[in-house]
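Peer 1: Before I ask anything, let me first share the structure, which is written out below as structure tokens.
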Amino acid sequence: MTMTAPHPASVIDDASVTEFAETGSVLVRGLFSPDEVATIEQGIEKVLADPSPRFKVASSDTDPGSFVEDFCNWQRIEELRQIAFSSRAADVAAALTASRQVRLYHDHVLVKEPRTRQETPWHQDQPYYNVDGFANCSMWAPVDSVPAESTLEFLSGSHRQGWLMPRSFMTNEAKWFPEGSLNDLPDVEADRGAHDIRGWAMEPGDAVFFHMLTLHHSYGVPGTSRRRAFSLRFLGDDMVHAPRRWVTSPQFDGLEDELPGGSPMDHPLFPVLRETA
Ligand SMILES: O=C(O)CCC(=O)C(=O)O
């Protein structure tokens, strides 16, 4: 796999790097060119037409729309590989995580069709992942216009509050840890005004970056537009393999036999996207 040359460090300004460090999320307007947006859109449509074995429906049968997800498609969908390796997203990740090296952890396609009622409940991502460390970020980029009512929202500063109880999205069950063993998430929806919630209406080309411990959420899609998004998950310098007792999302079967716990994610599944001397 050829590694593309990194884009200039000016891909993101210092104020945005500070904003990410302090709040755990940042918006980057116009990160992707119209051609790149078209490439992502083609990649998403290829995934929908030919889903991987990891594909899942994250909404109920009775939902008037649908929420579907797929993971780890960069190796088989050229368009998604191209965006992961050659777009400026990995440069932004290097700057935000202050990392010498950035690896791709995985890619994630998330599509909510018009009239989807299924919310994405407030959650952190890292408890569902098999990695430990703090130098990380995820990117989420829609290829459709996303109004404020359907956008991804973030709870400011939550990436610095440690792990909160992960629960299953559709049934809200504590499947991973016994009830009471971790602090529960704040009930943000019960009193939104009491929380510092960040979120932006977005246009194709825009991307949000957020820490894997930042609490985030989105409502359904009440309107007539689709909300197709592509996400890339990036690992910076201190990220290491953390085999879990529970099923992770995504799950990397057999990885523990090849990569001991605590070691860097030095494996072909997690290619280096950027590296500086
Ligand atoms: O697209 C969504 O609604 C959820 C996205 C999300 O939770 C994520 O990218 O980690």
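The values are calculated or read from the model by the stated rules, or taken from the named source; none is laboratory data. This one's a predicted model, so the numbers in the text were calculated from it and none came from an experiment. Quick reminder, even Gly has a Cβ in these numbers, built from the backbone with ideal geometry, and neighbours come from all protein chains shown. Quick note on the areas: whole protein, heavy atoms, side chains included, nothing else; ligands and nucleic acids left out. Shrake-Rupley method; radii C 1.70, N 1.55, O 1.52, S 1.80 Å.
Peer 1: If you stretched the chain out fully between Ser52 and Asp35, how much longer would it get, using 0.36 nm times the residue separation minus the C-alpha to C-alpha distance?
Peer 2: Result: 3.6 nm gained on full extension.
Peer 1: Suppose every K and R has +1 on its Cβ and every D and E has -1 on its Cβ; what is the size of the dipole of the stretch 75-210 about the Cα centre, in Debye to the nearest 20?
Peer 2: Dipole about the Cα centre, nearest 20: 420 debye.
Peer 1: Can you compute 3J(HN,Hα) from phi for each residue in the stretch 220-225, using the Karplus curve 6.51 cos²θ - 1.76 cosθ + 1.60 with θ = phi - 60°, rounded to whole Hz and x for Gly and Pro?
Peer 2: The phi angles translate into x, 10, x, x, 9, 8 Hz.
Peer 1: Oh, and also: Under a 1.4 Å probe, what is the accessible area of the stretch 9-250 per residue, stated in Å²?
Peer 2: 40 Å²
Peer 1: While we're looking at this one, here's another question. Read phi for every residue in the stretch 120-129 and hand back ³J(HN,Hα) as whole Hz from Karplus 6.51 cos²θ - 1.76 cosθ + 1.60, θ = phi - 60°, with x for Gly and Pro.
Peer 2: Karplus-based 3J(HN,Hα) across the stretch 120-129 equals 9, x, 4, 6, 9, 8, 4, x, 8, 9 Hz.
Peer 1: Determine Rg/Rh for the stretch 106-196; Rg is computed over alpha-carbon atoms and Rh is the Kirkwood hydrodynamic estimate from the same atoms.
Peer 2: 0.94
Peer 1: Just add up the charged neighbours of Gly133: K/R +1, D/E -1, any other residue whose Cβ is under 9 Å from the Cβ of Gly133.
Peer 2: -3
Peer 1: Right, another one. Calculate, axis by axis, the spread of Cα positions in the chain along the three principal axes, and write the results as whole Å, longest axis first.
Peer 2: Here the spans come out as 49, 43, 40 Å, largest first.
Peer 1: If you plug each phi of the stretch 193-207 into the Karplus form 6.51 cos²θ - 1.76 cosθ + 1.60 with θ = phi - 60°, what whole-Hz ³J(HN,Hα) values come out, in order, with x for Gly and Pro?
Peer 2: Calculated HN-Hα couplings, in order: x, 7, 10, 8, 9, 10, x, 9, 4, 10, 10, x, x, 7, 9 Hz.
Peer 1: A further question on this structure: Which value does Rg/Rh take for the stretch 23-102 over its C-alpha atoms, Rh per Kirkwood?
Peer 2: 1.04
Peer 1: Right, another one. At what distance in nm do the modelled label points of Gln75 and Asp132 sit from each other, each positioned 7 Å from its Cα along Cα→Cβ?
Peer 2: 2.6 nm
Peer 1: Can you give me the Cα centroid spacing of the stretch 58-86 and the stretch 234-255 in angstrom?
Peer 2: Between the Cα centre of the stretch 58-86 and that of the stretch 234-255, the gap is 19 Å.
Peer 1: Give the calculated FRET efficiency between Ala201 and Asp257 to the nearest 0.05, with a Förster radius of 35 Å applied to their Cβ-Cβ distance.
Peer 2: Taking R0 as 35 Å, the efficiency between Ala201 and Asp257 is 0.15.
Peer 1: In addition: Which residue, chosen from Cys72, Thr224, Gln126, occupies the Cα position most advanced towards the positive end of the dipole of the stretch 9-250, where the dipole is computed from +1 (Lys, Arg) and -1 (Asp, Glu) charges on Cβ about the Cα centre?
Peer 2: Result: Cys72.
Peer 1: Skipping prolines and chain starts, which residues have an amide H placed within reach, meaning under 5 Å, of the one on Val131, given they are 5 or more residues away or on another chain?
Peer 2: Long-range HN contacts for Val131: Ala242.
Peer 1: Per 0.36 nm of contour for each residue apart, how much would the distance between Ala190 and Gln82 grow if the chain were fully extended, relative to their Cα-Cα spacing?
Peer 2: 34.7 nm
Peer 1: Something else: Could you work out the helix-only [θ] at 222 nm for the chain, with each DSSP H run of four or more residues adding -39,500 (n - 2.57) and the total divided by the number of residues, to the nearest 500 deg cm²/dmol?
Peer 2: For the chain, the value works out to -5000 deg cm²/dmol.
Peer 1: Let me ask something else about it. Please give me the summed charge of the neighbours of His216: other residues whose Cβ is under 12 Å from its Cβ, Lys and Arg +1, Asp and Glu -1.
Peer 2: Spelling it out: positives minus negatives among the neighbours equals -2.
Peer 1: For Lys46, which lysines qualify as cross-link partners when the Cα separation must be under 27 Å and same-chain residues fewer than eight apart are set aside?
Peer 2: Lys46 reaches Lys56, Lys112.
Peer 1: A further question follows. Whole number please: convex hull volume per residue of the Cα set in the stretch 180-244, in Å³?
Peer 2: It comes to 187 Å³ per residue, whole-number rounded.
Peer 1: Run the accessible area of the chain with a 1.4 Å probe and give the carbon-and-sulfur part as a rounded percent.
Peer 2: Solvent-exposed carbon and sulfur of the chain make up 50 percent of the total.
Peer 1: Quick one: divide the alpha-carbon radius of gyration of the stretch 160-277 by 2.2 N^0.38 Å and tell me what you get.
Peer 2: Its radius of gyration relative to the 2.2 N^0.38 Å reference: 1.31.
Peer 1: For a test of the definition: using alpha carbon positions, the gyration tensor, and the 1.5 limit on a/c, classify the stretch 48-188 as rounded, prolate or oblate.
Peer 2: Verdict is oblate for the stretch 48-188.
Peer 1: So for each of 75-85, 199-209, 173-183, 244-254 I average, over its residues, the number of other beta carbons within 10 Å; can you give me the resulting order with the highest mean first?
Peer 2: Highest mean packing first, the order is 199-209, 75-85, 244-254, 173-183.
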